[in-house]
1. Considering B:K101, B:K81, B:K113, which residue is touching a residue at least 24 places away in the same chain (Cβ under 8 Å), exposed (fewer than 15 other Cβ atoms within 10 Å of the Cβ) and away from every other protein chain (no Cβ under 14 Å)?
2. From the list A:K59, A:K43, pick out the single residue that is within 13 Å of B:D13 (Cα to Cα) and modelled with pLDDT of 90 or more.
3. Can you pull out the residues in segment A:8-48 that are of a type in the set (S, T, N, Q), within 14 Å of DNA strand D (Cβ to nearest atom) and open to solvent by 10 Å² or more (accessible area, probe 1.4 Å)?
4. Could you check how many residues of segment B:34-51 are closer than 12 Å to B:L73 by Cα and of a type in the set (S, T, N, Q)?
5. Given (1) facing another protein chain (nearest Cβ under 10 Å); (2) in contact with a Phe, Trp or Tyr (Cβ under 8 Å, 6 or more places away or on another chain), identify the lone condition not met by A:Q26.
6. Regarding segment B:58-74, can at least one residue be identified that is over 27 Å from A:Y19 (Cβ atoms) and either surrounded by fewer than 17 Cβ atoms within 10 Å (Cβ to Cβ) or at the interface with chain A (Cβ under 8 Å from one of its Cβ atoms) (or both)?
7. I'm checking my understanding of the structure. Among residues of segment A:123-144 that are open to solvent by 30 Å² or more (accessible area, probe 1.4 Å) and within 7 Å of chain B (Cβ to nearest Cβ), which one is nearest to B:T18 (Cα to Cα)?
8. Go through (1) outside any loop (DSSP other than H, G, I, E, B); (2) closer than 30 Å to A:V7 by Cα; (3) free of Cβ contacts under 8 Å to residues at least 24 places away in the same chain and name the single condition A:E120 misses.
There are 2 protein chains.
Amino acid sequence: MEQLNNVIFYTIDKSIRTYRQYAQRQLKNAGYSITIDQWLVIKTLLENPDIKQQELGEKIFKDNASVTRIIELLVRAKYLKRRNNTEDRRRTGLEVTEKGKETIADVHKIVLKNRSVALEGISKTELETVKKVLMKITKNCQDD
Amino acid sequence: MEQLNNVIFYTIDKSIRTYRQYAQRQLKNAGYSITIDQWLVIKTLLENPDIKQQELGEKIFKDNASVTRIIELLVRAKYLKRRNNTEDRRRTGLEVTEKGKETIADVHKIVLKNRSVALEGISKTELETVKKVLMKITKNCQDD
DNA sequence: AAAATATATTTGATATATCAAATATTGATA
DNA sequence: TATCAATATTTGATATATCAAATATATTTT
């Protein structure tokens, strides 16, 4: 087999999946049932209270449909509340509940810890190279 | 916002997603309805005819449940055929059909093209660094 | 103002991911 | 050999991804 490990895209895929799994497991171990993606949505809403769902999706690399469904679950779990947007009735206002705010703060600590564990032993220069190369890949795939 | 772009994990995530979308779009444009993952499963089966589903999953970074379901779709679409494994009846033998074989060959060319487009302008040294760093991240998240 | 166009979000259909539990079978052991 | 443990796969439940189509509302054009 043309070794999968020699194909950079599988290395990329594997690393992000492994990180996700690790991060999710840490959350679970700490007693949270929220997913990383859900956390990210709440956090982004807190920091951008009047953001459109569309813009939210762009920020966190999710399409509209995914955003709609993630929000639905967050409302159901009482992390968010819907309110009406009087200025543009196509939009739904979204308010982070107290429960949501508390959760974000607690989870943030865990996320920071996760990141530092995952990046242990990697130099700043190396990270810069990785970032530069990955952004180039992204660009190459967008232009075409 | 603690800029998401400054968090390496979002850069990783974005790059692999953008690549996937690009690759999938190229397949579609060429008239194939198969997904990259499905293609990968067939290819791996061709190259490892007697592999267990479990091992298959490990090779392509998917869990058993996903493998089962992907195979189900492939059988339905007539890329694969089930046959009995007389030696161990817990296992299902899997045979790639003619249709499967043809598709793999054609799609392989497109995949190679995709990869080279995505990696345009990136040096070998850079790729080595990226690979090394990503493997380190994977390891960091597995040990814990 | 009516019609056409643009924007924001939702919905439907299908594929995949993930975990835990269920099944089926095999192998080991008391 | 009956029982128990291990292995291989499937199934159920839920979350997310993706594309296309549908809705609802707003804005622009004629």
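The values are calculated or read from the model by the stated rules, or taken from the named source; none is laboratory data. Predicted, not measured: the structure shown is a model, and the values here were computed from it. No Cβ is skipped: glycine too gets one built from the backbone with ideal geometry, and neighbour counts run over all protein chains shown. All accessible areas refer to the heavy atoms of the entire protein, side chains included, with ligands and DNA or RNA removed. Shrake-Rupley method; radii C 1.70, N 1.55, O 1.52, S 1.80 Å.
1. Working: B:K81 fails: touching a residue at least 24 places away in the same chain (Cβ under 8 Å); B:K113 fails: away from every other protein chain (no Cβ under 14 Å).
Result: B:K101 is the single residue among B:K101, B:K81, B:K113 that is touching a residue at least 24 places away in the same chain (Cβ under 8 Å), exposed (fewer than 15 other Cβ atoms within 10 Å of the Cβ) and away from every other protein chain (no Cβ under 14 Å).
2. Numbers: A:K43 fails: within 13 Å of B:D13 (Cα to Cα).
Exactly one of A:K59, A:K43 is within 13 Å of B:D13 (Cα to Cα) and modelled with pLDDT of 90 or more, namely A:K59.
3. So the first thing to find is which residues in segment A:8-48 are of a type in the set (S, T, N, Q), and the list is A:11, A:15, A:18, A:21, A:24, A:26, A:29, A:33, A:35, A:38, A:44, A:48.
Okay, now just the ones that are also within 14 Å of DNA strand D (Cβ to nearest atom), so A:21, A:24, A:33, A:35, A:38, A:44.
If the condition is that a residue be of a type in the set (S, T, N, Q), within 14 Å of DNA strand D (Cβ to nearest atom) and open to solvent by 10 Å² or more (accessible area, probe 1.4 Å), then A:Q21, A:Q24, A:S33, A:T35, A:Q38 are the ones that fit.
4. The first filter runs over segment B:34-51 and keeps only residues closer than 12 Å to B:L73 by Cα, leaving B:34-35, B:37-39, B:41-42.
Then keep just the ones that are of a type in the set (S, T, N, Q); that gives B:35, B:38.
Residues in segment B:34-51 being closer than 12 Å to B:L73 by Cα and of a type in the set (S, T, N, Q): 2 in total.
5. That leaves (2) as the condition not met.
6. yes
7. First, the residues of segment A:123-144 that are open to solvent by 30 Å² or more (accessible area, probe 1.4 Å): A:123-129, A:131-132, A:135-136, A:139, A:142-144.
Add one more test, that the residue is within 7 Å of chain B (Cβ to nearest Cβ), and what stays is A:126-127, A:129, A:131, A:135-136, A:142, A:144.
Details: A:E126: 22, A:L127: 20, A:T129: 19, A:K131: 15, A:M135: 10, A:K136: 11, A:Q142: 7, A:D144: 11 Å.
Looking at the filtered set, the residue picked out is A:Q142.
8. (1)
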